[in-house]
1. In the list 85, 113, which residue meets the criterion of being part of a helix (DSSP H, G or I) and modelled with pLDDT under 90?
2. Looking only at segment 123-133, count how many residues are within 11 Å of the chain's Cα centre (by Cα) and surrounded by 16 or more Cβ atoms within 10 Å (Cβ to Cβ).
3. Of everything in segment 93-122, what is under 16 Å from residue 137 (Cβ atoms) and surrounded by fewer than 16 Cβ atoms within 10 Å (Cβ to Cβ)? Give them in sequence order.
4. Quick check on segment 145-156: of everything there that is more than 23 Å from residue 65 (Cβ to Cβ) and in contact with a strand residue (DSSP E or B) (Cβ under 8 Å, 6 or more places away or on another chain), which residue is surrounded by the most Cβ atoms within 10 Å (Cβ to Cβ)?
5. Would you point out which residue out of 88, 94 is at negative phi and touching a helix residue (DSSP H, G or I) at 6+ places or on another chain (Cβ under 9 Å)?
């Protein structure tokens, strides 16, 4: 494919953008489908049903591992964007787009951390927040969410991200 060009993008930039898209899709699939077992219709996951050796350790591991995977995935994507911004052969448009993506990722990291802290401050034991372009997923460790607690979490998200309520999905992991 000699001379292939995609509006200022070279072969390398197209490959990098494709990899970033694949990472984002893999992350979304990982978030949506945590394992091969079917998820309850209510969105409640009871970790005790999976017969772990120590339920409290498994619950803590879920949040720790999820944060680690989210951070690792985002770090890889940000490395790709940094590479595009530093590429001497890249176009100004591709560098600007990569810089915008870096800024958006940094803002998402900051907002996720803020929301996780605010949710914990509301009395929940642990929480993890995933911000994507058009959805916010909140996973909360609880003994059972009441409608008022769901409303509290949604209010926190709406105040800090300025999204509509239909873009927010709350999943609880029972203690």
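1. 85
2. The initial filter retains those residues of segment 123-133 that are within 11 Å of the chain's Cα centre (by Cα), namely 128-133.
Within this subset, residues satisfying the condition of being surrounded by 16 or more Cβ atoms within 10 Å (Cβ to Cβ) are 128-131.
So the count comes out to 4.
3. Result: 113, 114.
4. 149
5. 94
The values are calculated or read from the model by the stated rules, or taken from the named source; none is laboratory data. Bear in mind the structure is a predicted one, so any value in this text is a computation, not a measurement. Virtual Cβ from ideal backbone geometry, glycine too; neighbours counted across all protein chains shown.
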